[in-house]
Structure formats: structure tokens, C-alpha cells
Amino acid sequence: MSQRLGHVRCDGAGTITKIRTASGSVRFVGGGPSDISVRTVSGNVAVSVARGLEVDVDATSISGRLSSTMRSTERRGLAQDAVSISAKTVSAT
């Protein structure tokens with residue numbers, strides 16, 4: 001993980017990853033099944049995962065835009081090799 005001027009970039013991590021920042025954008029790149037939690041008060045959150053993994057996303061923003069390039073699916077339970085992403089920001093730019 002590298003940090004510069006309040007921004008956080010994490011290229012790969014363990015199966016459970018938590019990133020918190022008060023001010024600054026977060027960029028996370030994951031390669032395998034994991035549980036990712038990102039929280040920032042003022043900043044953007046970008047999460048990338050390897051193709052082919054099942055993904056469950058819970059994202060909220062109080063003041064800001066939410067978008068995803070991942071295809072949405074309706075499933076009743078995640079596979080064991082899935083990625084769970086929880087991303088929250090109060091003020092995204």
C-alpha cells in the first residue's frame with residue numbers, strides 16, 4: 001500500500017482489507033476472493049477486481065456520485081471465491 005498527500009493506493013491485499021481515511025481518495029486493486037471495506041469522509045473510492053470473480057457491492061455516498069462498470073446480477077448468496085465490497089464516502093468529488 002502506498003500513501004501520498006492523503007490519498008491511499010493499495011495494489012493487492014489479504015482476504016480481509018479495511019482502508020479508512022478522513023480526506024483523500026482511495027484506489028484498491030484486488031486479485032482474488034476477499035472482503036474489502038473502504039471508508040472516507042472526503043474523497044473518491046475506486047475498487048478494481050480480477051475478471052471472472054463474483055462481486056457483491058454495497059456502496060453509499062451522502063454527497064457525490066456512484067457508478068460501477070461491473071455487471072449487476074441478482075443472486076441469493078455468494079460463491080466461496082467471491083469478492084465483497086463495502087464502500088462509503090460522505091463527500092465525493
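Miscellaneous remarks
- When residues in the stretch 67-93 are screened for being closer than 14 Å to G52 by Cβ and at pLDDT 75 or above, 2 of them pass.
- Strands (runs of 3 or more DSSP E) fully within the stretch 1-62 counting 1 or more residues that are of a type in the set (V, I, T): 7-11, 16-23, 26-30, 34-42, 45-49
- Among the residues listed as G6, G31, G52, G24, the single one being more than 13 Å from the chain's Cα centre (by Cα), open to solvent by 40 Å² or more (accessible area, probe 1.4 Å) and at pLDDT below 85: G52
The values are calculated or read from the model by the stated rules, or taken from the named source; none is laboratory data. Bear in mind that the values here come from a model prediction, so they are computed numbers and not experimental data. All Cβ positions, even for glycine, are placed from backbone atoms using ideal geometry, and neighbour counts span all protein chains on display. Remember, those area values only see protein heavy atoms, side chains included, never the ligands or the DNA or RNA. Shrake-Rupley method; radii C 1.70, N 1.55, O 1.52, S 1.80 Å.
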